[in-house]
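The values are calculated or read from the model by the stated rules, or taken from the named source; none is laboratory data. This is a predicted model, so every value here is computed, not measured. Cβ sites come from the backbone with ideal geometry, for glycine too, and all protein chains shown count toward neighbours.
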Amino acid sequence: MKSIGAVVLILILSGCSFLQKYNNKDDFKKLQLEKKWARSTLNEDYLGYRAHHRMSPIVTKDFIIQGNAVDGLVAYDRQTVHKMWRLNIKNGVEAGGVIYKDNLYFGASDSYFYCVNYFTGQIQWSFPILSEGLGRPFVRDGVVYFVSGNNVGYALDAGSGRQLWLHNRKDSSALSIRGGSQPNVYQDKVFMAFSDGYLVALNRTTGQVIWERLLNHNRRFNDIDSQPVIYKGKIYLTGFDSALYAIDPNTGNTLWRYDEGGFSRPYVDDETVIYATTNSSVVALERDSGKKKWEYKLKQGLATSPVEYKGMIIFGQSEGALKVVSKREGKELVEFNPIRGVSAEPVVKDFNDRLGNLYIMTREANLIALDLNWKKVSEKWHWEE
């Protein structure tokens, strides 16, 4: 009877959408996405136009901090999911933030850039940027770098908010994609990308231009909203209407390109570059050559920036489910459908404490904690236990 039950279980599970591991006749494991909890991040019901909730959750061992594009930021205790503090900000926080020492840095849609104590939510200082804060900041060695929504790159002292320098660009384009690039630092340079299609290398100390390259031109949208990802001495980034580029950070010269546009930062490792395209797909390329390895086509909408976890690639769909695919082949392994889609980059934090290791922000401003793990499947039916 026991062996018959095992065979039946094999036949049943072979038709399901999760991936299985079969170690021996008494041990099945399947990859599961289990919802642990969900919280609305809105302070009150919102019946206005559909906002663009694209801030990725900020997860530490003790806190989860999430912003929405309506009314501000909220922090939860990661252990109990109780609300610890809320910071109300008109029109919310869209681009995302970073933690440096005890503070959270972010640009908001009320035309200010903020430094907030992330334990208490108390504002340490604010800086007027005369535009929406649409790009995630980057902090290094006590300096916070960011690009505002009106195409100005800033360097501020992280402790006081004092302006160290700025780089102002004039974008003559009448059309622009809503978003902004996160800067990155390499050696003595800070790299900033702008909606006029330029990637610019600036001196970290003075803001002086070292080189600039027009990457995205003669297109409808010139925007570069991707963060320049720096890996083993090369820059990888995408232009919305053009391509993914591999660039020499010392000269700005293009080493290779893959001619399909993107809008978010790629994932890069020793062998592979993986990114979400503006043509409703996720593409994996050889890191050294740009040759395509695999492509996962979405039925509709756009994918978020992909993240890696234990040989798997995780991304959300703006008009669909959270997807988990194999990094080697792009084969779908498991999915979780939050009904209204995901437009913020997922976050994986594994503290090995059964509280969930995957966090997503949905298009309805709901923060969801999931557990992604291989779990053993009992071969016994419930009436046999």
* Asked: Scanning the range 276-307 for residues that are touching a residue at least 40 places away in the same chain (Cβ under 8 Å), in a strand (DSSP E or B) and not β-branched (Val, Ile, Thr), which turns out nearest to Arg340 (Cα to Cα)?
  -> Ala284
* Structure fact -> Taking the range 41-83 and keeping only residues that are surrounded by fewer than 13 Cβ atoms within 10 Å (Cβ to Cβ) and of a type in the set (A, V, I, L, M, F, W, C), one is left with Leu47
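Rundown of residues vs (1) surrounded by fewer than 20 Cβ atoms within 10 Å (Cβ to Cβ); (2) of a type in the set (Val, Ile, Thr); (3) out of contact with any Gly (no Cβ under 7 Å at 6 or more places or on another chain), yes/no style:
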position	(1), (2), (3)
Trp211	yes, no, no
Ile224	no, yes, no
Leu244	no, no, no
Asn250	yes, no, yes
Asn253	yes, no, yes
Leu302	no, no, yes
Ser305	no, no, yes
* Structure fact -> Checked Arg257, Arg287, Arg265 against criteria (surrounded by 19 or more Cβ atoms within 10 Å (Cβ to Cβ), of a type in the set (Lys, Arg) and more than 19 Å from Pro346 (Cα to Cα)); the one match is Arg287
* Output the number of the condition that Lys375 fails; it satisfies all remaining conditions of (1) assigned to a loop (DSSP other than H, G, I, E, B); (2) modelled with pLDDT under 95; (3) among the charged types (D, E, K, R). => (1)
* Residue that is surrounded by the most Cβ atoms within 10 Å (Cβ to Cβ), among those in the range 308-360 that are among the acidic types (Asp, Glu) and assigned to a loop (DSSP other than H, G, I, E, B) -> Glu345
* To do: Could you grab me the full set of residues in the range 253-275 that are farther than 25 Å from Pro57 by Cα, assigned to a loop (DSSP other than H, G, I, E, B) and either of a type in the set (A, V, I, L, M, F, W, C) or modelled with pLDDT of 95 or more (or both)?
  => Asn253, Asp270, Glu271
* To do: Tell me which residues, restricted to the range 169-203, are of a type in the set (Ser, Thr, Tyr) and modelled with pLDDT of 95 or more.
  => Tyr186
* Could you say whether any residue in the range 33-42 is modelled with pLDDT of 95 or more, small (Gly, Ala, Ser), in a strand (DSSP E or B) and under 21 Å from Phe138 (Cα atoms)? -> no
* Asked: In the set Val74, Val98, which member is over 17 Å from Tyr145 (Cβ atoms) and in a strand (DSSP E or B)?
  -> Val74
* Asked: Hey, any hits in the range 252-260 for a residue that's aliphatic (A, V, I, L, M) and either touching a residue at least 60 places away in the same chain (Cβ under 8 Å) or over 24 Å from Lys323 (Cα atoms) (or both)?
  -> yes
